1. State the number of residues belonging to region 140-149 that are open to solvent by less than 30 Å² (accessible area, probe 1.4 Å) and either outside any helix (DSSP H, G or I) or more than 20 Å from ASN229 (Cβ to Cβ) (or both).
2. Tell me, which residue of region 203-231 that is more than 16 Å from the ligand (Cβ to nearest atom) and aliphatic (A, V, I, L, M) is nearest to the chain's Cα centre (by Cα)?
3. Across region 119-151, what is the number of residues that are under 22 Å from HIS84 (Cα atoms), near the ligand (Cβ under 9 Å from one of its atoms) and among the basic types (Lys, Arg)?
4. Take VAL173 and tell me if it is out of contact with any helix residue (DSSP H, G or I) (no Cβ under 7 Å at 6 or more places or on another chain), assigned to a helix (DSSP H, G or I) and of a type in the set (A, V, I, L, M, F, W, C).
5. Can we say LEU47 is open to solvent by less than 10 Å² (accessible area, probe 1.4 Å), out of contact with any helix residue (DSSP H, G or I) (no Cβ under 8 Å at 6 or more places or on another chain) and at pLDDT 95 or above?
6. Any residue at all in region 160-170 that's open to solvent by less than 30 Å² (accessible area, probe 1.4 Å), within 16 Å of the ligand (Cβ to nearest atom) and touching a strand residue (DSSP E or B) at 6+ places or on another chain (Cβ under 9 Å)?
7. How many residues are over 18 Å from ASN19 (Cα atoms) and open to solvent by less than 20 Å² (accessible area, probe 1.4 Å) when one looks only at region 56-69?
Amino acid sequence: MNYIGIDIGSTCAKTVVLNEKKEIIREFVQPTGWSSVDTAEEIRQKLELSGINLSDDSSCCVATGYGRISVPYADKTVTEITCHALGAVHLFQQPDLTVIDIGGQDTKIIQIEQGFVKDFIMNDKCAAGTGRFLDVMAGVLEVKVQDLGHLDSLSKKRVEISSTCTVFAESEVISQLSMGTDKCDIIAGIHRSVAHRVTGLAHRIGVVPALVMTGGVAQNEGVVKALQNELGCEIHRSPLTQYNGALGAALYAYQAASRRA
Ligand code: ADP
């Protein structure tokens, strides 16, 4: 049996395949693009090319993420919160966790107690404090989003980006650039602005150890460092951080198939 988790996020679509031993045998990420229906079809073709048949009993597929309803071949759709919690407990092997998940267009803080979701809070109304904010700023600065973390580490001078609003912060960045401010210093300021916004959200729900970070933005060392400073505690990550939701969906598929058997 193959257990497939597909997380169609606002920005990136992630797929994880588990085997009978709950080992990851395949994982891949691709841009969600304009049509999550087309993305789901591309994923189906990739899976079938690697010998995974989605139309018989040799697989169980669970879809999550904002585009989960666009996966017609999924056996079940499950909310992101449930999948992120399942993924994080498995990845970090801890039953009590606070998960900070910063994705392309939303930020979620999930409290997990004894392996179950106790509470969560989500910002999906505003780009501030999400990957979208960083994507826009990287565009203005003409750098790759993947390079933001490294460029932050080269910062020598503290520059404040005081606005958390994407539109106003963009103007601030443009005016800093026109004053000749070093891009690396601006980037570090942008990361502190994201950390400030996410910390405000985290304090509304409360942060209990162990603290872990997931989602695509967790790959940005600069944001992680700024968040650690602002929250005053260590943040744990995994190399599979961006796959956490898809992993949770695959684990859900595993559990659902075991119940059926
Ligand atoms: P979603 O599930 O909402 O599509 P993800 O959790 O996949 O979001 O995260 C997407 C965001 O992660 C992007 O907006 C981008 O800012 C950030 N990101 C993606 N890859 C990287 C990377 N290699 N380094 C830093 N940031 C990244």
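The values are calculated or read from the model by the stated rules, or taken from the named source; none is laboratory data. Keep in mind that this is a model prediction, so the values were computed, not measured. Here the Cβ positions follow ideal geometry from the backbone for every residue, glycine too, while neighbour counts run over all protein chains shown. Heads up: the accessible areas ignore ligands, DNA and RNA and are worked out on the full protein's heavy atoms, side chains in. Shrake-Rupley method; radii C 1.70, N 1.55, O 1.52, S 1.80 Å.
1. 1
2. LEU211
3. Summing the residues that are under 22 Å from HIS84 (Cα atoms), near the ligand (Cβ under 9 Å from one of its atoms) and among the basic types (Lys, Arg) in region 119-151 gives 1.
4. Spelling it out, it is not the case that VAL173 is out of contact with any helix residue (DSSP H, G or I) (no Cβ under 7 Å at 6 or more places or on another chain), assigned to a helix (DSSP H, G or I) and of a type in the set (A, V, I, L, M, F, W, C).
5. Taking the combined requirement at face value, the residue satisfies it.
6. So far as region 160-170 goes, no, none of its residues is open to solvent by less than 30 Å² (accessible area, probe 1.4 Å), within 16 Å of the ligand (Cβ to nearest atom) and touching a strand residue (DSSP E or B) at 6+ places or on another chain (Cβ under 9 Å).
7. 3
Residues checked against (1) within 15 Å of the ligand (Cβ to nearest atom); (2) more than 25 Å from HIS90 (Cβ to Cβ); (3) of a type in the set (Phe, Trp, Tyr):
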{"site": "ILE6", "(1), (2), (3)": "yes, no, no"}
{"site": "VAL17", "(1), (2), (3)": "no, no, no"}
{"site": "LYS21", "(1), (2), (3)": "no, no, no"}
{"site": "ILE24", "(1), (2), (3)": "no, no, no"}
{"site": "GLU27", "(1), (2), (3)": "yes, no, no"}
{"site": "GLU41", "(1), (2), (3)": "no, yes, no"}
{"site": "GLN45", "(1), (2), (3)": "no, yes, no"}
{"site": "SER50", "(1), (2), (3)": "no, no, no"}
{"site": "SER59", "(1), (2), (3)": "no, no, no"}
